[in-house]
Amino acid sequence: MAAILDRVAQKLSQQERLTRDDALELFASRDVIRLGRLADQVKRARWSNQAHFVINRQINPSNICVLSCRFCDFATKRGRPNAYEMTIHEVLQRCSPELREVHIVGGLHPDWTWDYYLEMFRAIHSQFPQIQIKAWTAVEIDFFSKKFRLSIEEVLRQFQAVGLAALPGGGAEVFSERVRKALFPFKIGAPRWLEIHKIAHRMGIPTNATLLYGHMETYEERVDHMLKLRILQDETHGFMSFIPLAYQPGKTKVVTRQASAIEDLKTIAIARLLLDNFPHIKAYWVTMGEEIASVALHCGADDIDGTIGEERIMHAADAASPVSLTRDRLVELIREAGCTPVERDALYRTVHVYNDHVPCESPVSQ
Ligand code: V47
């Protein structure tokens, strides 16, 4: 078993790329501590002791969705007791001057107009010009393109004109036709998701990429997902961050319990080692929990997302984490992990470095 870790250590020292088989053997390895240490070396070579976070807010304007994916606890139908729709005023109430990023995604709403979506961004951008808008997954971009009969380029161009800065990484789930047929048969598959991100990159819109794991996918499917992303990134260099999302079982009964901490840490570490062309690997505290996210900063992750404000998607599936964290708590989590907190914006530009032993003196205390 240790042979694979020796082999990977040697490949890293010779700057040789890991293969599919290497990644599969790493998933089979039992030595998570050594695996984490190898990933940490790679992380440190790029980011030294730094770990990133952002003062952000997630806004999910509606949970009404034309799809009914088997794995999703968030989406609902109009008329159900949990259905909601926000007005633009309600979206704006969730914005505030200290935010650097709003992360906007939601259900595929059956009736909202194209103008409503554009107006939402115009209003945010004019009232809060310092906030960067990271919004709409490739699934939503595809939906808008079909519903409003616009090309993908035109959808993105019009959003860009009203303030879109980046696309989040959602909707990728896992790039496997087998899993898609079982859990989200009416959602776009890998080719379309990758095509939309490629177009965004060509237009100068950076994006993220997620992987939903810990449900019915195999290790082969996890690795193939990462490799598809690595291939596109070689071509475009448009991805900022890779974010493994541990599936929250909620009420769907797809699985009875969440992936273990060991699985979380292995997935982060293998992502750092395999995705050698991704600058950032994010340990998402909402799905991992604060403690595992801070350990993940020793296993290849260099980012823990942000304050978030009001997380609804994972909490619809009964996530045990809080719905929000303060800036001070994020700084503390990162410091406890022995790293230097770096506050960033949505595009990973540095806002503030919290040097050691200096109390939190940044202007915001959310
Ligand atoms: O695509 C849905 C996932 C995603 C569950 O780009 C679930 O910075 C776990 O993409 N358990 C949306 N996951 C969230 C997302 C994201 C999150 C944080 C940062 C970024 C970024 C993107 O959430 C969906 C789906 O894969 N999801 N239900 C669930 N029960």
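The values are calculated or read from the model by the stated rules, or taken from the named source; none is laboratory data. These numbers come from a predicted model, not from an experiment. Counting neighbours? That spans all protein chains shown, and the Cβs are built from the backbone with ideal geometry, glycine included. These area figures cover heavy atoms from the full protein model, side chains too; ligands, DNA and RNA do not enter into them. Shrake-Rupley method; radii C 1.70, N 1.55, O 1.52, S 1.80 Å.
Expressed as an acute angle from 0 to 90° and rounded to the nearest 10, what is the orientation of the C-alpha long axis of helix 327-336 relative to the principal long axis of the chain?
Taking Cα atoms only, the helix is inclined about 10 degrees.
So what's the range 105-167 giving for Cα Rg divided by 2.2 N^0.38 Å, two decimals?
Against the compact-globule rule of thumb, the ratio is 1.05.
According to the square roots a ≥ b ≥ c of the eigenvalues of the Cα gyration tensor, what is the shape class of the range 224-366, taking rounded for a/c under 1.5, prolate for a/b larger than b/c otherwise, and oblate for the remainder?
Oblate, since a/c reaches 1.5 and b/c is not below a/b.
Along its three principal axes, how long is the chain when you only count alpha carbons? Whole Å, largest extent first please.
57, 50, 39
With a 10 Å radius around each residue's Cβ, average the other Cβ atoms per peptide and rank 211-223, 84-96, 106-118, highest first.
Ranked by mean Cβ neighbours within 10 Å, highest first: 211-223, 106-118, 84-96.
Across the range 75-91, in residue order, what do the Karplus-derived ³J(HN,Hα) couplings come to in whole Hz, using 6.51 cos²θ - 1.76 cosθ + 1.60 with θ = phi - 60° and x for Gly and Pro?
With the stated coefficients, the range 75-91 comes to 5, 8, 10, 4, x, 6, x, 8, 5, 9, 9, 9, 7, 4, 4, 5, 5 Hz.
Using label points projected 7 Å from each Cα along Cα→Cβ, tell me how many nm separate K11 and K146, to one decimal.
With each label placed 7 Å out from Cα toward Cβ, I get 3.8 nm.
Sort 199-209, 235-245, 345-355 by packing, meaning the average of other beta carbons within 10 Å per residue, with the highest value first.
Highest to lowest by the protection proxy: 235-245, 199-209, 345-355.
In percent, what relative contact order does the chain have, based on Cα pairs under 8 Å that are 6 or more apart in sequence?
22
Whole-Hz ³J(HN,Hα) for each residue in the range 196-212, computed from phi via Karplus 6.51 cos²θ - 1.76 cosθ + 1.60 with θ = phi - 60°, x for glycine and proline: what do you get?
5, 5, 5, 5, 4, 4, 4, 8, x, 9, x, 9, 10, 9, 10, 9, 8
Hey, if we sort M120, M314 by accessible area with the 1.4 Å probe, largest down, what's the order?
Correct descending sequence by accessible area is M314, M120.
Name the shape class, rounded, prolate or oblate, that the alpha-carbon gyration tensor gives for the range 3-108, where a ≥ b ≥ c are the square roots of its eigenvalues, rounded holds for a/c under 1.5, and otherwise prolate holds if a/b is larger than b/c and oblate otherwise.
Note, shape of the range 3-108 comes out oblate.
Please turn the phi angles of the range 300-316 into ³J(HN,Hα) values with the Karplus equation 6.51 cos²θ - 1.76 cosθ + 1.60 (θ = phi - 60°), one per residue in order, whole Hz, x for glycine and proline.
Residue by residue, the range 300-316 yields x, 7, 10, 8, 10, 6, x, 6, 6, x, 6, 7, 10, 5, 6, 6, 5 Hz.
Work through the residues other than C65 whose Cβ is under 14 Å from its Cβ and net out their charges, Lys, Arg +1 and Asp, Glu -1.
With Lys, Arg at +1 and Asp, Glu at -1, the neighbours total +2.
Give me the compactness ratio for the range 69-112, meaning the Cα radius of gyration over 2.2 N^0.38 Å.
Here the answer is 1.42, to two decimals.
At 1.4 Å probe size, with every protein chain present, just tell me what the per residue accessible area of the range 122-240 comes to in Å².
Value returned for the range 122-240: 37 Å² of accessible area per residue.
Roughly speaking, what is the stretch gain from K181 to A83, that is 0.36 nm per residue apart minus the C-alpha to C-alpha distance, in nm to one decimal?
Net length gain for the segment: 32.7 nm.
At what distance in angstrom do the alpha carbon centres of the range 258-328 and the range 173-196 lie from each other?
23
With axes computed from alpha carbons, what is the tilt in degrees of helix 219-236 against the longest principal axis of the chain, rounded to the nearest 10 within 0 to 90?
Helix 219-236 and the main axis of the chain meet at about 70 degrees.
With only Lys, Arg, Asp and Glu charged, each at its Cβ (+1 for the first two, -1 for the last two), find how big the charge dipole of the chain is about the Cα centre; round to the nearest 20 debye.
It works out to roughly 740 debye.
Say the cut-off is 22 Å between C-alpha atoms; which of K147/K187; K187/K253; K77/K146; K187/K228; K11/K43; K147/K228 go over it?
Correct reply: K147/K228.
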